[in-house]
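The values are calculated or read from the model by the stated rules, or taken from the named source; none is laboratory data. Since the structure is predicted, the reported quantities are computational estimates derived from the model, not experimental observations. All Cβ positions, even for glycine, are placed from backbone atoms using ideal geometry, and neighbour counts span all protein chains on display. Note: accessible area is taken over every heavy atom of the protein model, side chains too, but ligands, DNA and RNA are not part of it. Shrake-Rupley method; radii C 1.70, N 1.55, O 1.52, S 1.80 Å.
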Amino acid sequence: MTTEEKVNGWIILDKPYGMTSTHATTLVRRLMRCKKAGHTGTLDPLATGILPIALGEATKTIPYASAEIKQYCFQVTWGEQRITDDAEGAIISTSNHRPSNEEIEAILPQFIGSINQCPPLFSALKINGKRAYDLARSGDSSTLNDLKCAMIQKTRLITIHNLTLESIDSTDQATFIVTCGPGTYVRSLARDMAEVLGTVAYVSRLRRVQDGKFHQNDAISLEKLQELGHKSKLQSVFLPLGAVLDDIPAVSVTMEDAIMIHQGQRIPVRSIQGNLSLVVLKLVDRVLAIATGCDGYFYPKRVFK
């Protein structure tokens with residue numbers, strides 16, 4: 001890419017292991033030579049998989065791109081509980097019990113549907129203005145106990161659409177596939193499953209394989225992006241700004257309307273279009289704005305340059 005102002009769209013990154021979502025987004029932004037970038041949902045540093053990254057004007061569409069369906073493939077290691085609920089943290093308890101295939105299959109229905117989930121101690125949730133993971137890293141036993149109580153108060157209702165046992169990898173490990181709604185912590189799911197099974201566990205491998213309409217086959221690795229390099233080659237994996245707006249009704253406008261939209265002005269709703277509450281305003285194939293309809297007019301909420 002040669003000009004920053006022309007980089008307005010999406011890269012579906014296959015985030016590598018050991019990298020934060022913020023760092024991955026920064027690397028993509030620099031590679032695409034773009035001033036602004038953001039992602040739709042954090043992946044843990046030890047997780048891999050789909051990380052949709054918005055660039056330029058596409059960052060304005062992030063609030064409309066939050067996926068209702070996410071899918072993860074995760075491996076659970078039985079017999080050890082770690083403070084982070086993943087492989088990074090120190091061991092805080094152990095158990096000799098290893099659940100059988102039959103035991104695991106029997107408890108899965110308990111975790112399907114709308115369930116209450118307590119977030120892990122190491123999460124990005126804020127407690128008294130500070131990130132929980134910062135408190136957990138710096139705290140002594142007293143601080144950790146207070147943090148546990150605070151997390152219990154953060155228990156929330158989540159939705160698990162499907163949960164299946166993919167494989168028994170060894171006596172100590174099993175792999176699962178979960179399809180879930182937003183706000184689900186897979187580490188908490190593994191922790192809670194182990195508790196019901198009379199043991200302890202942590203997530204030893206985690207990969208996001210679906211994020212809304214995007215699947216892992218849609219994603220590109222950071223290494224591949226770096227190999228492509230040239231603008232013409234990068235365009236082949238660069239999705240347009242409106243790629244995440246397909247679920248919002250599109251309304252075609254005139255050139256006169258387009259001028260008014262770019263000035264932030266309302267435009268009249270044409271009778272043939274109806275009075276839609278949320279629409280994407282387009283001039284031919286170009287996305288101009290996201291707007292709300294009310295009292296016979298469309299009011300721009302997000303206008304794209």
> If you check every pair at least six apart or on different chains, which have Cβ atoms under 7 Å apart with a residue in segment 278-301 that is under 17 Å from residue 64 (Cβ atoms) and in contact (Cβ under 8 Å) with a residue 12 or more places away in the chain first and a residue that is among the charged types (D, E, K, R) and not in a strand (DSSP E or B) second?
Replying inline: 298/266; 299/266
>> Here is a list: 242, 198. Which entry is of a type in the set (Gly, Ala, Ser) and either surrounded by fewer than 20 Cβ atoms within 10 Å (Cβ to Cβ) or free of Cβ contacts under 8 Å to residues at least 12 places away in the same chain (or both)?
In response: 198
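This table checks each residue for (1) at pLDDT 95 or above; (2) outside any helix (DSSP H, G or I).
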residue: 170; (1), (2): yes, yes
residue: 175; (1), (2): yes, yes
residue: 182; (1), (2): no, yes
residue: 189; (1), (2): yes, no
residue: 195; (1), (2): yes, no
>> Which numbered condition in (1) over 30 Å from residue 186 (Cβ atoms); (2) of a type in the set (Lys, Arg); (3) open to solvent by less than 60 Å² (accessible area, probe 1.4 Å) is the only one that residue 233 fails?
In response: (3)
> Would you pick out the residues in segment 40-56 that are open to solvent by 10 Å² or more (accessible area, probe 1.4 Å) and not hydroxyl-bearing (Ser, Thr, Tyr)?
Replying inline: 41, 44, 45, 46
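Of the residues that make up segment 245-261, is at least one in a helix (DSSP H, G or I) and among the hydroxyl-bearing types (Ser, Thr, Tyr)? First the steps, then the outcome.
Here is the first cut: in segment 245-261, the residues in a helix (DSSP H, G or I) are 255-261.
Next, only the ones that are among the hydroxyl-bearing types (Ser, Thr, Tyr) stay: none.
No, that holds for no residue.
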> Out of segment 85-142, which residues are charged (D, E, K, R) and open to solvent by less than 50 Å² (accessible area, probe 1.4 Å)?
Replying inline: 85, 86
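Please give the strands (runs of 3 or more DSSP E) falling wholly within segment 1-110 in which 3 or more residues are of a type in the set (Phe, Trp, Tyr).
Values: elements: 9-15, 37-39, 47-55, 70-78, 80-82, 91-94.
The strands (runs of 3 or more DSSP E) meeting that bar are 70-78.
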>> Among the listed residues 248, 267, 220, 158, identify the single one that is among the β-branched types (Val, Ile, Thr), within 30 Å of residue 301 (Cβ to Cβ) and touching an Asp or Glu at 6+ places or on another chain (Cβ under 8 Å).
In response: 267
> Only one of 110, 153 is closer than 22 Å to residue 83 by Cα and of a type in the set (S, T, N, Q); which?
Replying inline: 153
>> Name the residue that is modelled with the lowest pLDDT, counting only residues in segment 284-298 that are closer than 23 Å to residue 240 by Cβ and loosely packed, with under 15 Cβ neighbours inside 10 Å.
In response: 285
>> Could you list, ordered by first residue, the pairs with Cβ atoms under 8 Å in which the first is in segment 128-150 and more than 18 Å from residue 118 (Cβ to Cβ) and in a helix (DSSP H, G or I) and the second is open to solvent by less than 90 Å² (accessible area, probe 1.4 Å) and aliphatic (A, V, I, L, M), at least 6 apart or interchain?
In response: none
>> Show the residue pairs meeting these rules: Cβ distance below 7 Å; 6+ apart or different chains; first residue within segment 246-257 and under 24 Å from residue 63 (Cβ atoms) and without any contact (Cβ under 8 Å) to a residue 40 or more places away in the chain; second residue in a loop (DSSP other than H, G, I, E, B) and open to solvent by less than 100 Å² (accessible area, probe 1.4 Å).
In response: 249/276
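Return yes or no: is residue 279 surrounded by 13 or more Cβ atoms within 10 Å (Cβ to Cβ) and of a type outside the set (Phe, Trp, Tyr)?
Details: surrounded by 13 or more Cβ atoms within 10 Å (Cβ to Cβ): yes; of a type outside the set (Phe, Trp, Tyr): yes.
Yes.
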